[in-house]
Amino acid sequence: NNIGLGGVSLEFGGVANAFEYLPYDVEWYRCLRYLYVLDGDLVTSSPLALGVATSATVADTYRALPVRMRAVPTLTATAAEWEIDEIASAIACTVLVLGSGSSTDAIRLTATVAAGLTQYRFANLRSLAPGGKAILSAEL
């Protein structure tokens, strides 16, 4: 009860162009120009963005994007799924926003916590819960 269809393109007008076959990685990077998802990794505890605490309640973190996005992206994320990890402690985020200075090549994620950060200390943004996601969208 399945039908497979491939190698087909739809064209406007009366003249058909040659079908363009692109490798998977080229298509993948083209898609990343519109949508990039940062997934939390609880197994390796890899930071998703690196930065510094700018006060006792705010940390600015930065991350380069794998490809230049079509436009400065918007962020969709649940702050409760993320934490700021300092050398001495990890503190749950209460707010996570895309900060000013974000571009099509790199993003600035500004995280707010209730209290407990040490100003000017290195701060890493990490996933607090399994399946934590930050979605960056540069849709049309």
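The numbers here are math on the coordinates, done by the rules we state, and not lab data. Please read all numbers here as calculations on a predicted model, not as lab measurements. Positions of Cβ are backbone-derived with ideal geometry, glycine not excepted, and every protein chain shown enters the neighbour counts.
Taking the structure as given and computing volume of the Cα convex hull per residue in Å³, which label from (1) 105; (2) 156; (3) 130 fits?
(2)
Show me 113-125, 23-35 ranked by packing, highest mean number of other Cβ atoms within 10 Å first.
113-125, 23-35
Would you calculate a helix-derived [θ] at 222 nm for the chain, using -39,500 (n - 2.57) for each DSSP H run of n ≥ 4 and dividing by the full residue count, to the nearest 500?
-2000 deg cm²/dmol
Once each part is reduced to its C-alpha centroid, what is the distance from segment 106-123 to segment 55-76 in angstrom?
13
Among 10, 24, 74, which residue has its Cα furthest toward the positive end of the charge dipole of segment 1-90, with +1 on Lys/Arg Cβ and -1 on Asp/Glu Cβ?
10
Magnitude of the Cβ-charge dipole of the chain, K/R +1 and D/E -1, about the Cα centre, nearest 20 debye?
260
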